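**Student:** First the structure, then my questions, so here it is.
The values are calculated or read from the model by the stated rules, or taken from the named source; none is laboratory data. As the structure is a prediction and not an experimental result, all values here were calculated from the model. We place every Cβ from the backbone using ideal geometry, glycine too, and count neighbours over all the protein chains shown. The accessibility values were calculated without ligands, DNA or RNA, using every heavy atom of the protein model including side chains. Shrake-Rupley method; radii C 1.70, N 1.55, O 1.52, S 1.80 Å.
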Amino acid sequence: MDMVIADNLVKTFPAPDGKEKRAVDGLTFRVGEGQIYGLLGPNGAGKTTSLRMLSGLMAPTSGGAMLAGYDVATQPQEVKRVLGFLTANTGLYQRLTPRELLVYFAQLHGMNKLEAFDKADHLIEWLGLTDFAALRCGALSTGQKQRVNIARALIADPPILIMDEPTLGLDVLSNRIILEYIKRERDRGKTIILSTHYLDEAEDMCDNIGLIYDGTLVAEGTLESLRASTDEQRLSNIFLKIIHASEKVEAAIA
């Protein structure tokens with residue numbers, strides 16, 4: 001079953017010269033149940049804009065998206081119930097502790113107080129938050145905050161997760177905890193869209209990969225199929241070959 005469908009998504013923004021800039025240009029892909037799909041590309045390629053359109057945080061200029069059979073544009077409440085969204089800069093309520101924050105979000109999702117505390121305690125133990133669960137979020141390190149954000153995204157146990165740069169700027173331990181968590185959730189049957197600059201992570205994590213450049217999906221497939229089509233082994237080299245990076249570098253320095 002296709003849990004995520006992006007159908008010809010387009011997003012334009014006004015440019016300084018008065019013209020329109022296409023940040024995303026006709027993005028189309030599908031992600032099946034229990035898969036990790038890597039949406040990868042350089043800065044400014046359109047990844048975050050694409051993920052915001054998929055989650056309903058940003059309206060597309062044209063095109064559409066479906067999550068778990070719900071239309072993102074016309075069924076936003078249903079989409080929110082099936083989606084957990086995580087970014088590297090998701091904010092936390094600074095004066096709440098991680099436990100208080102998780103209980104609060106659990107209750108927003110309709111759990112009673114006892115259920116909310118049980119769910120929060122389960123995630124605190126599972127994600128290794130016990131040592132700082134009683135500290136205010138404003139006092140936490142970057143890695144600790146990101147682990148709390150993962151717990152927040154998971155509090156309602158949604159079947160779809162969108163993760164935009166979840167390990168950006170994290171230390172080795174926090175990085176490993178988050179990557180193992182993503183794999184574990186995939187093995188539980190969740191559908192996950194992962195955007196990351198760390199291509200070695202994507203090589204290890206993703207069942208399918210979409211390479212986006214200048215707003216356009218330039219290649220898609222398994223790592224093995226991308227290797228076969230480019231005669232390159234490293235994902236970074238695959239991407240550079242597909243976009244003809246050597247020609248662009250020569251043109252830039254000419």
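Per-residue answers, yes or no, for (1) out of contact with any helix residue (DSSP H, G or I) (no Cβ under 7 Å at 6 or more places or on another chain); (2) of a type in the set (D, E, K, R); (3) over 21 Å from L9 (Cβ atoms):
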{"position": "L168", "(1), (2), (3)": "yes, no, yes"}
{"position": "N175", "(1), (2), (3)": "yes, no, yes"}
{"position": "K183", "(1), (2), (3)": "no, yes, yes"}
{"position": "K190", "(1), (2), (3)": "yes, yes, yes"}
{"position": "Y198", "(1), (2), (3)": "yes, no, yes"}
{"position": "E201", "(1), (2), (3)": "no, yes, yes"}
{"position": "M205", "(1), (2), (3)": "no, no, yes"}
{"position": "G210", "(1), (2), (3)": "yes, no, no"}
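**Student:** Now for a different question. Examine the range 105-119 for a residue that is closer than 22 Å to T12 by Cβ and of a type outside the set (S, T, Y), and state whether such a residue exists.
**Tutor:** Filtering the range 105-119 down to residues closer than 22 Å to T12 by Cβ leaves none.
No, because not a single residue in the range 105-119 is closer than 22 Å to T12 by Cβ and of a type outside the set (S, T, Y).
**Student:** Quick test for you: out of V103, V79, pick the one residue that is farther than 30 Å from T216 by Cβ, among the β-branched types (V, I, T) and surrounded by 15 or more Cβ atoms within 10 Å (Cβ to Cβ). Let's see the steps before the verdict.
**Tutor:** Values: V79 fails: farther than 30 Å from T216 by Cβ.
Result: V103 is the single residue among V103, V79 that is farther than 30 Å from T216 by Cβ, among the β-branched types (V, I, T) and surrounded by 15 or more Cβ atoms within 10 Å (Cβ to Cβ).
**Student:** Find the residue count for the range 32-59, including only residues that are free of Cβ contacts under 8 Å to residues at least 60 places away in the same chain and open to solvent by less than 20 Å² (accessible area, probe 1.4 Å).
**Tutor:** Selection size over the range 32-59: 1.
**Student:** Here's a follow-up. Within the range 194-238, which residues are crowded, with 19+ Cβ neighbours inside 10 Å and of a type in the set (G, A, S)?
**Tutor:** S195, A202, G210, G215, A219 - these are the residues of the range 194-238 that are crowded, with 19+ Cβ neighbours inside 10 Å and of a type in the set (G, A, S).
**Student:** Continuing with the same structure: Being over 16 Å from T97 (Cβ atoms) and among the aliphatic types (A, V, I, L, M) narrows it down to one residue among L135, L140, L127, L154; which is it?
**Tutor:** L154
**Student:** While we're looking at this one, here's another question. Only residues that are open to solvent by less than 30 Å² (accessible area, probe 1.4 Å) and of a type outside the set (G, A, S): list them for the range 12-26, please.
**Tutor:** Residues satisfying the conditions are T12, V24.
**Student:** Hey, which of the strands (runs of 3 or more DSSP E) in the range 33-91, taking only ones fully inside, have at least 2 residues that are under 15 Å from M163 (Cα atoms)? Let's see the steps before the verdict.
**Tutor:** Details: elements: 36-40, 62-67, 83-87.
Because the criterion is at least 2 residues that are under 15 Å from M163 (Cα atoms), the strands (runs of 3 or more DSSP E) in the range 33-91 that meet it are 36-40, 83-87.
**Student:** Could I ask something else about it? Somewhere in the range 169-187, is a residue open to solvent by 10 Å² or more (accessible area, probe 1.4 Å), part of a loop (DSSP other than H, G, I, E, B) and modelled with pLDDT of 90 or more?
**Tutor:** no
**Student:** Given T61, T74, which one is more than 16 Å from the chain's Cα centre (by Cα), within 25 Å of I243 (Cβ to Cβ) and hydroxyl-bearing (S, T, Y)? Break it down into steps so the answer makes sense when it comes.
**Tutor:** Details: T74 fails: within 25 Å of I243 (Cβ to Cβ).
The match here is T61.
**Student:** Looking only at residues in the range 140-150 that are in contact with a Phe, Trp or Tyr (Cβ under 8 Å, 6 or more places away or on another chain) and not in a loop (DSSP other than H, G, I, E, B), which one is surrounded by the most Cβ atoms within 10 Å (Cβ to Cβ)? Don't jump to the end; show me each part of the working.
**Tutor:** First, pick out the residues of the range 140-150 that are in contact with a Phe, Trp or Tyr (Cβ under 8 Å, 6 or more places away or on another chain): 140, 144, 150.
Narrowing the set further to residues that are not in a loop (DSSP other than H, G, I, E, B) leaves 144, 150.
Numbers: Q144: 20, I150: 26.
Once the filter is applied, the top-ranked residue is I150.
**Student:** Suppose the filter is surrounded by 15 or more Cβ atoms within 10 Å (Cβ to Cβ) and among the hydrophobic types (A, V, I, L, M, F, W, C); does F29 pass it?
**Tutor:** Values: surrounded by 15 or more Cβ atoms within 10 Å (Cβ to Cβ): yes; among the hydrophobic types (A, V, I, L, M, F, W, C): yes.
Considered against the rule, which asks whether it is surrounded by 15 or more Cβ atoms within 10 Å (Cβ to Cβ) and among the hydrophobic types (A, V, I, L, M, F, W, C), F29 comes out as yes.
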